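For reference, the structure I am asking about is given below.
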Ligand code: APR
């Protein structure tokens with residue numbers, strides 16, 4: 001089976017009702033992005049960060065995977081599909097995608113502030129708060145505070161190397177719903193081997209090299225076109 005690697009961004013979840021980042025002039029749900037998504041912001045006001053991601057988690061409960069997420073699962077019938085996503089939502093997994101790598105962390109998880117390898121899937125009855133919300137007072141079973149398992153601006157992206165490895169093995173690479181402004185994720189495109197078929201689905205595409213086939217459509221429509229295109233090859 002040919003290796004089909006997906007690189008998705010906020011745009012793929014837009015039609016599930018989750019706002020993107022830069023379509024709202026840098027205000028992420030009325031918060032300046034750097035206050036709620038940077039390491040400095042976390043050090044400055046950890047209570048705000050807990051509150052913000054609590055709100056995101058509750059919002060995510062009301063969202064469902066859309067036809068684009070489901071279309072990628074459909075492609076697993078014909079291809080060895082690997083999903084690399086910048087998104088912290090779990091809509092790819094909820095759609096049924098078998099292999100999902102999160103570059104920027106996962107909203108439904110928190111981790112120990114002292115031992116980052118101790119990661120907890122919410123809700124978790126080992127924590128002092130047993131629901132979907134945490135605070136600066138939440139403690140893990142070792143008595144340590146926790147933080148959202150999210151990669152904040154100013155922090156390293158440990159999953160980038162494995163993602164590069166997947167892109168270098170791809171026969172087909174499909175980039176969906178990203179403005180290609182945040183690095184290192186935006187650099188993944190450049191790691192595609194010569195001869196790899198590369199597609200970019202986005203209704204307002206960023207400028208990309210000429211060897212990229214741009215499908216200037218919303219994710220649900222663009223993925224439907226892609227499925228037809230790949231099955232007619
Ligand atoms: N279908 C497909 N793409 C869409 C849709 C849609 N229905 N609606 C909007 N888009 C596109 C926009 O045109 C834009 O190119 O989605 C992209 C969203 O861009 P950003 O908001 O910049 O999101 P993303 O590229 O995923 O951001 C990268 O930035 O804030 C950080 O960590 C955060 O992972 C995030 C990273």
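Pick out the one residue from 129, 137 that is over 30 Å from residue 80 (Cβ atoms), more than 16 Å from the ligand (Cβ to nearest atom) and surrounded by 14 or more Cβ atoms within 10 Å (Cβ to Cβ).
Criteria check complete, one pass: 129.
Yes/no per residue for (1) closer than 30 Å to residue 191 by Cβ; (2) not in a loop (DSSP other than H, G, I, E, B):
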{"site": "7", "(1), (2)": "yes, yes"}
{"site": "12", "(1), (2)": "yes, yes"}
{"site": "18", "(1), (2)": "yes, no"}
{"site": "43", "(1), (2)": "no, yes"}
{"site": "49", "(1), (2)": "no, yes"}
{"site": "52", "(1), (2)": "no, yes"}
{"site": "73", "(1), (2)": "yes, yes"}
{"site": "76", "(1), (2)": "yes, yes"}
{"site": "93", "(1), (2)": "yes, yes"}
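Going through segment 111-126 one residue at a time, which ones are assigned to a loop (DSSP other than H, G, I, E, B) and surrounded by 13 or more Cβ atoms within 10 Å (Cβ to Cβ)?
Within segment 111-126, 113, 118, 122, 123, 124 qualify.
Any idea which residue in segment 32-45 is nearest to the chain's Cα centre (by Cα), counting only those that are touching a residue at least 12 places away in the same chain (Cβ under 8 Å) and surrounded by fewer than 16 Cβ atoms within 10 Å (Cβ to Cβ)?
The qualifying residue nearest to the chain's Cα centre (by Cα) is 39.
Hey, can you tell me all the residues within segment 182-209 that are farther than 16 Å from residue 160 by Cβ, assigned to a loop (DSSP other than H, G, I, E, B) and either within 12 Å of the ligand (Cβ to nearest atom) or at pLDDT below 95 (or both)?
Selection gives 194, 195, 202, 203, 204, 205, 206, 207, 208.
To keep it simple, each residue is scored yes or no on (1) within 23 Å of residue 197 (Cα to Cα); (2) in contact with a strand residue (DSSP E or B) (Cβ under 6 Å, 6 or more places away or on another chain); (3) more than 10 Å from the ligand (Cβ to nearest atom); (4) not in a loop (DSSP other than H, G, I, E, B).
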| site | (1), (2), (3), (4) |
| --- | --- |
| 143 | no, no, yes, no |
| 146 | no, yes, yes, yes |
| 158 | no, no, yes, no |
| 161 | yes, no, yes, yes |
| 165 | yes, no, yes, yes |
| 173 | yes, yes, yes, yes |
| 180 | yes, no, no, no |
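Here's the yes/no breakdown for (1) at pLDDT 95 or above; (2) out of contact with any helix residue (DSSP H, G or I) (no Cβ under 7 Å at 6 or more places or on another chain); (3) near the ligand (Cβ under 10 Å from one of its atoms):
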| residue | (1), (2), (3) |
| --- | --- |
| 15 | yes, no, yes |
| 25 | no, yes, no |
| 34 | no, no, yes |
| 63 | yes, no, no |
| 69 | yes, no, no |
| 73 | yes, no, no |
| 86 | yes, no, yes |
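The values are calculated or read from the model by the stated rules, or taken from the named source; none is laboratory data. Since the structure is predicted, the reported quantities are computational estimates derived from the model, not experimental observations. Methodologically, a virtual Cβ is constructed for each residue, glycine included, from the backbone with ideal geometry; neighbour enumeration extends over all protein chains shown.
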